[in-house]
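Data block below; observations after.
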Amino acid sequence: MHELSLAVEIVGLLERHAHELQRITRLTLDIGTLSCVDEQALRTALQAALIGTLADGAEVVVNIIEALALCLDCGQTFQPPDRIEPCPHCGAFRKRWLSGEDFRLRSVEGTPA
Ligand SMILES: [Zn+2]
């Protein structure tokens, strides 16, 4: 149930907007495919966590960020289906993640206070 603690964390971030927004009507989240966050579980957790907050009933928009890796041997980028997949160009395993590990609150929209 780590989606529940993420939901609580998001609510904490949203509360910081309380001085500028009367109500939050939409929030956008980036979820990387490597972040181990289950979108559906997070949506369910958020639905419960947002009740009674300034974002109660807000629309939750989720951007799924595909994993992108840079091969440290041949320098090409590729989109591995999982963390252990080797480079399809040269077969090397050494890589740096360029994206896909993200989990962040990208934006918040609402009614100005
Ligand atoms: Zn390579």
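The values are calculated or read from the model by the stated rules, or taken from the named source; none is laboratory data. Quick caveat, the model's predicted, so the values are computed rather than measured. In this analysis, Cβ positions are derived from the backbone assuming ideal geometry, glycine residues included, and neighbour counts consider all displayed protein chains.
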Please name all residue pairs, on different chains or six or more residues apart, with Cβ atoms under 7 Å, provided the first residue is in the stretch 84-104 and is of a type in the set (S, T, Y) and the second residue is not in a loop (DSSP other than H, G, I, E, B). S99/G32; S99/I65; S99/L68
Restricting attention to the stretch 67-94, and to residues there that are outside any loop (DSSP other than H, G, I, E, B) and within 8 Å of the ligand (Cβ to nearest atom), which single residue is nearest to T33 (Cα to Cα)? F78
Anything in the stretch 1-33 that is of a type in the set (A, V, I, L, M, F, W, C), closer than 17 Å to D102 by Cβ and in a strand (DSSP E or B)? List them, or say none. L27, L29, I31
C36 passes all but one of the listed conditions (1) within 16 Å of the ligand (Cβ to nearest atom); (2) hydrophobic (A, V, I, L, M, F, W, C); (3) not in a strand (DSSP E or B); the exception is number (1)
Quick check on the stretch 96-113: of everything there that is in contact with a Leu (Cβ under 6 Å, 6 or more places away or on another chain) and part of a strand (DSSP E or B), which residue is surrounded by the fewest Cβ atoms within 10 Å (Cβ to Cβ)? R96
Exactly one of A55, A41, A45 is surrounded by 15 or more Cβ atoms within 10 Å (Cβ to Cβ), part of a helix (DSSP H, G or I), at pLDDT 95 or above and in contact with a Leu (Cβ under 6 Å, 6 or more places away or on another chain), and that residue is A45
Suppose the filter is in contact with an Asp or Glu (Cβ under 6 Å, 6 or more places away or on another chain) and closer than 21 Å to E109 by Cα; does R43 pass it? no
